[in-house]
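Asks: First the structure, which I've put down as structure tokens, then a few questions once you've had a look.
The values are calculated or read from the model by the stated rules, or taken from the named source; none is laboratory data. Just so it is clear, the structure is predicted and the values come from calculations on it, not from any experiment. Note that each Cβ is placed from the backbone with ideal geometry, even for glycine, and that neighbours are counted across all protein chains shown. Each accessible area value is taken on the protein alone, full model and side chains, heavy atoms only, with ligands, DNA and RNA left out. Shrake-Rupley method; radii C 1.70, N 1.55, O 1.52, S 1.80 Å.
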Amino acid sequence: MESVEQINCLKVKISNVSIEQLPDILYALLEQGGSNHIVLLSLWDLLRARKNNEYRTYVQNAALVIPISKSIVGGIRFLTGKTVHRIMPFEFFIKTLTALEERGKSVYLLGSRLKSLKQAERNLRHTFPRLRIVGRCTGDFKRTEENTILTAIRKAGPSLLLVAKGVSGDERWLARNKGNFGPGIQIWCSDLFDVFAERKKRPGKKTFERGLEWIGYTIQNPLRIFRIFPYLYYKILLLYYKLFRRG
């Protein structure tokens, strides 16, 4: 696989990958034949990885950890002087699905509710006609059905497993079942199915580039305003590491 620069940010691994590099890296991961997961890391995820052992292991063991928060990019520049690539989540998924379609690869969709999942599948088939969708399942399955679903995923052998909201445990479900998927790539895609189903809007590219996507999220959920406190904590951590934790 093409060598990927890995950078430490407050003891959390960050991969320096451009959107142009992504297809070749994905193909290389698939050719390796193992099970690999990719993490799209927000600032809140980075702080969670510092506190939660299970989530930290999940992040540190990822094939790629791609920053999606402007604050992470700024923090790395502050600590190391390096500039890392920040990729918009929707653009990442479009690039990923396009790359897989070009090689005739497959995808399995897991999560969301039935109406959104069906609409997302229809839109994906229309947008990526040569991408093989080898299975789908809503996220509200019962615990007793979990082994059956894992078996179905292994038998389908998807190149990419997309897991969205609705699955109990969210990313932790992926982490806990890491050894049960078989070869391929797994990605937690949050509300992507709702976006493809046109039930949820995504931030515009210019808004994302300016780092202002949080405004729309806060309007949707005013309680997010309290994230100002972990943001300030992050700034204090950066200053502490800059002054006292070099190397």
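Asks: Which residues, taken from the range 126-136, are under 22 Å from the mean Cα position of the chain (by Cα) and open to solvent by 30 Å² or more (accessible area, probe 1.4 Å)?
Replies: Taking the range 126-136 first, the residues under 22 Å from the mean Cα position of the chain (by Cα) are 127-128, 131-136.
If the condition is that a residue be under 22 Å from the mean Cα position of the chain (by Cα) and open to solvent by 30 Å² or more (accessible area, probe 1.4 Å), then 127, 132, 134, 136 are the ones that fit.
Asks: Could you tell me which numbered condition residue 87 fails, if it satisfies all but one of (1) open to solvent by 70 Å² or more (accessible area, probe 1.4 Å); (2) touching a residue at least 60 places away in the same chain (Cβ under 8 Å)?
Replies: Going through the list (1) open to solvent by 70 Å² or more (accessible area, probe 1.4 Å); (2) touching a residue at least 60 places away in the same chain (Cβ under 8 Å), residue 87 breaks only (1).
Asks: Right, something else. Which residues, taken from the range 4-24, are out of contact with any strand residue (DSSP E or B) (no Cβ under 7 Å at 6 or more places or on another chain) and closer than 19 Å to residue 99 by Cα? Give the steps one after another, and end with the answer.
Replies: Pass one, the range 4-24, residues out of contact with any strand residue (DSSP E or B) (no Cβ under 7 Å at 6 or more places or on another chain): 8-12, 18-24.
Result: 18, 19, 20, 21, 22, 23, 24.
Asks: Tell me whether the range 96-109 contains one or more residues that are within 19 Å of residue 29 (Cβ to Cβ), of a type in the set (Asp, Glu) and either surrounded by fewer than 19 Cβ atoms within 10 Å (Cβ to Cβ) or modelled with pLDDT of 95 or more (or both).
Replies: yes
A quick yes/no check of all residues on (1) farther than 21 Å from residue 180 by Cα; (2) at pLDDT below 95; (3) touching a His at 6+ places or on another chain (Cβ under 6 Å):
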residue: 39; (1), (2), (3): no, no, no
residue: 44; (1), (2), (3): yes, yes, no
residue: 47; (1), (2), (3): yes, no, no
residue: 51; (1), (2), (3): yes, yes, no
residue: 64; (1), (2), (3): no, no, no
residue: 67; (1), (2), (3): yes, no, no
residue: 75; (1), (2), (3): yes, no, no
residue: 78; (1), (2), (3): yes, no, no
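Asks: Does residue 27 qualify as being surrounded by 20 or more Cβ atoms within 10 Å (Cβ to Cβ) and hydroxyl-bearing (Ser, Thr, Tyr)? Spell out the reasoning first.
Replies: On the way: surrounded by 20 or more Cβ atoms within 10 Å (Cβ to Cβ): no; hydroxyl-bearing (Ser, Thr, Tyr): yes.
No.
Asks: Residues to consider are 79, 40; find the one that is under 27 Å from residue 236 (Cα atoms), assigned to a strand (DSSP E or B) and open to solvent by 20 Å² or more (accessible area, probe 1.4 Å).
Replies: Working: 79 fails: assigned to a strand (DSSP E or B).
Result of the check over 79, 40: 40.
Asks: Here is a further query. Does residue 73 count as part of a helix (DSSP H, G or I) and either touching a residue at least 12 places away in the same chain (Cβ under 8 Å) or at positive phi (or both)?
Replies: Details: part of a helix (DSSP H, G or I): yes; either touching a residue at least 12 places away in the same chain (Cβ under 8 Å) or at positive phi (or both): yes.
Answer is yes for this residue.
Asks: Scanning the range 50-70 for residues that are in a helix (DSSP H, G or I) and within 23 Å of residue 225 (Cβ to Cβ), which turns out most open to solvent (accessible area, probe 1.4 Å)?
Replies: Step one: filter the range 50-70 for residues in a helix (DSSP H, G or I), giving 50-51, 53-60, 70.
Narrowing the set further to residues that are within 23 Å of residue 225 (Cβ to Cβ) leaves 50-51, 70.
Numbers: 50: 69, 51: 159, 70: 100 Å².
Among those that are in a helix (DSSP H, G or I) and within 23 Å of residue 225 (Cβ to Cβ), it is 51.
Asks: It is to be established whether one or more residues within the range 153-170 are open to solvent by less than 80 Å² (accessible area, probe 1.4 Å), closer than 23 Å to residue 23 by Cα, of a type in the set (D, E, K, R) and under 20 Å from the mean Cα position of the chain (by Cα).
Replies: no
Asks: Let me ask another. So, of the residues in the range 142-152 that are charged (D, E, K, R) and open to solvent by 40 Å² or more (accessible area, probe 1.4 Å), which turns out to be modelled with the highest pLDDT? Write out each step before concluding.
Replies: From the range 142-152, those charged (D, E, K, R) are 142-143, 145-146; that's our starting set.
Subset that is open to solvent by 40 Å² or more (accessible area, probe 1.4 Å): 142-143, 145.
On the way: 142: 90, 143: 89, 145: 94.
Going through the qualifying residues, I end up with 145.
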